[in-house]
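The values are calculated or read from the model by the stated rules, or taken from the named source; none is laboratory data. Small disclaimer: the values here were computed from a predicted structure and weren't measured. Cβ placement follows ideal geometry from the backbone for every residue including glycine, while neighbour counts extend to all protein chains displayed.
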Amino acid sequence: MKGLCVLGSTGSIGVSTLDVAGRHPDQYRVIALTANGNWERLAEQCEAFRPAYAVMIDPGQADRLKAALKAK
């Protein structure tokens, strides 16, 4: 099994990468996800893939992500 760190997971290439990883869970494990500011999509991705790490570049959006993930 290969571990993935997806930089820019909320962008088009990141979403496509996670689509492939989601269709092959026996081959890929998502370790970390990063995004610039789309905390809503990153929260959805965190719920789906349960990465060990989630990183937001924008500190204000990071606070929103943290609150959203704690609420779940």
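Could you pull out the residue among Ala32, Ala62, Ala67, Ala48 that is aliphatic (A, V, I, L, M) and either crowded, with 18+ Cβ neighbours inside 10 Å or part of a strand (DSSP E or B) (or both)?
Step by step, each of Ala32, Ala62, Ala67, Ala48 is checked, and only Ala32 is aliphatic (A, V, I, L, M) and either crowded, with 18+ Cβ neighbours inside 10 Å or part of a strand (DSSP E or B) (or both).
Exactly one residue among Gly3, Gly37 is surrounded by 12 or more Cβ atoms within 10 Å (Cβ to Cβ), small (Gly, Ala, Ser) and either in contact (Cβ under 8 Å) with a residue 12 or more places away in the chain or not in a helix (DSSP H, G or I) (or both), and that residue is Gly37. Just one residue in the set Ala54, Ala48, Ala32 is in contact with a Phe, Trp or Tyr (Cβ under 9 Å, 6 or more places away or on another chain), small (Gly, Ala, Ser) and at pLDDT 95 or above; that residue is Ala32.
When residues in the range 42-66 are screened for being in contact with a strand residue (DSSP E or B) (Cβ under 7 Å, 6 or more places away or on another chain) and either under 14 Å from Gly3 (Cβ atoms) or among the charged types (D, E, K, R) (or both), 4 of them pass.
Considering every residue within the range 18-28, establish whether at least one is under 9 Å from the mean Cα position of the chain (by Cα) and either more than 17 Å from Leu65 (Cα to Cα) or at pLDDT 95 or above (or both).
Taking the range 18-28 as the starting set, the residues that turn out to be under 9 Å from the mean Cα position of the chain (by Cα) are 18.
Still in the list and also either more than 17 Å from Leu65 (Cα to Cα) or at pLDDT 95 or above (or both): 18.
Looking through the range 18-28, at least one residue is under 9 Å from the mean Cα position of the chain (by Cα) and either more than 17 Å from Leu65 (Cα to Cα) or at pLDDT 95 or above (or both).
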